[in-house]
Amino acid sequence: MSTDLTHLDVTALQAALADGSASAVEVTQAHLDAIAAADGGLNSYLHVDALTALATAADVDRRRAAGEELGRLAGVPVALKDVVVTQGVPTTSGSRILEGWLPPYDATVAARLKAAGTVLLGKTNMDEFAMGSSTENSAYGPTRNPWDHDRIPGGSSGGSSAAVAGFLAPWSIGTDTGGSIRQPAAVTGLVGHKPTYGSVSRYGLIAFSSSLDQAGPMARTVADAALMHEVIGGHDPRDSTSIDAPAAPFVEAARQGATGDLSGVTVGVVRELGGEGHAEGYEPGVLAAFQAGVDQLRALGAEVREVSCTSFDLALAAYYLIAPSEASSNLSRFDGVRYGLRVGDDGSRDLDEVMAMTRAQGFGAEVKRRIILGTYALSSGYYEAYYGQAQKVRTLIGRDFAAAFADVDVLVSPTSPIVAFPIGQRVGDPLSMYAADLCTLPASLAGLPAISVPCGLSEGLPVGLQVMAPALADDRCYRVAAALEAAQDAARGGTFLGQLAARA
Ligand code: GLN
């Protein structure tokens, strides 16, 4: 029974909890057992508090038995990326500098999931401060990909992707600044959605690049991702960039998509993201799986056109100026005084020395690289040439999207140009690591919603297809992704992750 419960998607888990075939305690225990058995190999969790999880689950069972009103997700376990602050629960953002810190409050996404009755299994591993594409930048060791333990699970939300694909959590919250929900979802065979910027609260996410950061769902099915998005989304007065507009019904959009009819939907294939003349760095197996996915969209009734967005060629350069610039400012708060680690404070040193020693020991190499890059890009004399130019590129990318969406309803591309690569292969070469973000960066810079949905295997490893939509049209992402998912499940005679489960 215990393996069965960890292999159910959330919709199925809810049904089992509702009809009494499983209690919340049984569901939670099954996941804790799976974590105990398998996480030594994956390193997907940084913190698991079994006793609290079981107590929360027992409370749900008691309230259900007493006929009390329950939250929409009562008894469903969840894992949170360790960038999400959780009251009284260790939160490190993958960094030594936050070791030992216990946040005094819950992030809005954590609070909303709690209020809905979820059971927090634990906090998942990640690249330090969400900087990376492989989870190798975690101060707490790399996470492994359940499809192949010698390969990366993507990043920066790689603990979340590995936990969900490895059946150690039914779903998880990830965060995405330049691709960190979509790319790890793609390389582990999950669905991952980056919501429209401003539509999910950033309150309580440890800030990396505030004009880009967004939290969102990582799940095994499009329907589950849509469900989590409905629970975490919506206006929050505590986030100054939160959009005060009613959210579209995502679950309904996924349900509609799953009927498999895309007639009337126009899909644009972005030439600059792997198309003719722009395929350098893209693996042939990824492009083949993507092309097969596009053919399936056409077979479902969508009208498919090629679209050109020339500014997308500049997205990587612009992102790697803007994100480090904002990070260099955001990370100044880690000063050895306010949070976590403090080094050298033995009475013999002044504040500046303690601060310098704390930051030297507390931050890893990639974080230091970003702080240096960002500080340089913002420095007087260089500001216009780097940060200023990058902001202009950002405007051009927004214009290219707007022009494209005048003609098509959604845009598609591969999510990542490459499948999960071997651990260690790219750590010494930051530029090749950054290239993993080629396809995800344009939607990030424009603040647009984008989902990654599985679209086949290349050399036995998952490939993701990305669907991008205009701001606040996240429902289109869910509809198109659900249609593709349903078509692929039908053709295969099972779910995407079923293939992985069958190997074990
Ligand atoms: N891989 C990108 C980076 O390293 C994106 C990270 C993210 O989305 N958090 O910045």
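The values are calculated or read from the model by the stated rules, or taken from the named source; none is laboratory data. Here the structure is a predicted model, which means the values were calculated and not measured. Please note: Cβ atoms are built from the backbone with ideal geometry, for glycine as well, and neighbour counts cover all protein chains shown. What goes into the accessible areas is simple: the full protein's heavy atoms, side chains included, and nothing from ligands, DNA or RNA. Shrake-Rupley method; radii C 1.70, N 1.55, O 1.52, S 1.80 Å.
A few remarks follow.
- Residue (of Gln291, Gly141, Gly41) at the positive-pole extreme of the chain, dipole from beta-carbon charges: Gly141
- When you restrict to C-alpha pairs under 8 Å that are six or more residues apart and normalise by the size of the chain, the relative contact order lands at 17 percent.
- The charge dipole of the chain, taken about its Cα centre with unit charges on the Cβ atoms of Lys, Arg (+1), Asp and Glu (-1) only, comes to about 300 debye.
- Cα gyration tensor, the range 45-119 - rounded (a/c under 1.5), prolate or oblate: prolate
- Reference-scaled alpha-carbon Rg (2.2 N^0.38 Å with N residues) for the range 305-367: 1.76
- Relative to the current alpha-carbon distance between Ala36 and Arg72, full extension at 0.36 nm per residue lengthens the span by 10.2 nm.
- The range 79-218 - percent relative contact order, Cα under 8 Å, separation 6 or more: 23
- Computed FRET value (nearest 0.05) for Gln499 with Arg255, which takes r as the C-beta separation and R₀ as 25 Å: 0.55
- Whole-number Å³ per residue for the convex hull built on Cα positions in the range 139-214: 96
- The range 224-370, accessible area per residue, ligands and nucleic acids excluded (1.4 Å, Å²): 47
- Gain on full stretching of the segment that runs from Tyr376 to Arg333 - 0.36 nm per residue minus C-alpha separation: 13.7 nm
- Placing a pseudo-label 7 Å from each Cα along the Cα-to-Cβ vector at Gln425 and Ala299 gives an inter-label distance of 2.9 nm.
- Pairwise Cα separations in the range 244-295 fall into 5 Å bins from 0 onward with the following percentages, short to long: 4, 14, 17, 17, 13, 15, 11, 7, 1.
- Annotation: Cα Rg of the range 402-453 relative to the compact-globule expectation 2.2 N^0.38 Å equals 1.41.
- Its residue count N sets the reference 2.2 N^0.38 Å, and the alpha-carbon radius of gyration of the chain equals 0.92 times that reference.
- Accessible carbon and sulfur surface of the chain relative to its total accessible area, %, 1.4 Å: 54
- Accessible area per residue for the range 1-120 is 41 Å², calculated with a 1.4 Å probe on protein heavy atoms, without ligands, DNA or RNA.
- Enclosing the Cα atoms of the range 405-504 in their convex hull gives a volume equal to 117 cubic angstrom per residue.
- Computing Rg and the Kirkwood Rh from the Cα coordinates of the range 118-260 gives a ratio, Rg/Rh, of 0.97.
- Simple label model, 7 Å out from Cα along Cβ direction - Ala360 to Ala292, nm: 5.4
- Net charge of Cβ neighbours under 11 Å - reference Gly362; Lys, Arg +1; Asp, Glu -1: +1
- Packing-based order for 471-482, 413-424, using average beta carbon neighbours within 10 Å, highest first: 471-482, 413-424
- Largest-first principal axis extents of the Cα set of the range 210-343 (Å): 59, 38, 26
- Percent of beta bridges antiparallel (DSSP, the chain, rounded to nearest 5): 65
- One quarter of the convex hull surface built on the alpha carbon atoms of the range 65-171 amounts to 7.4 nm², the projected area averaged over directions.
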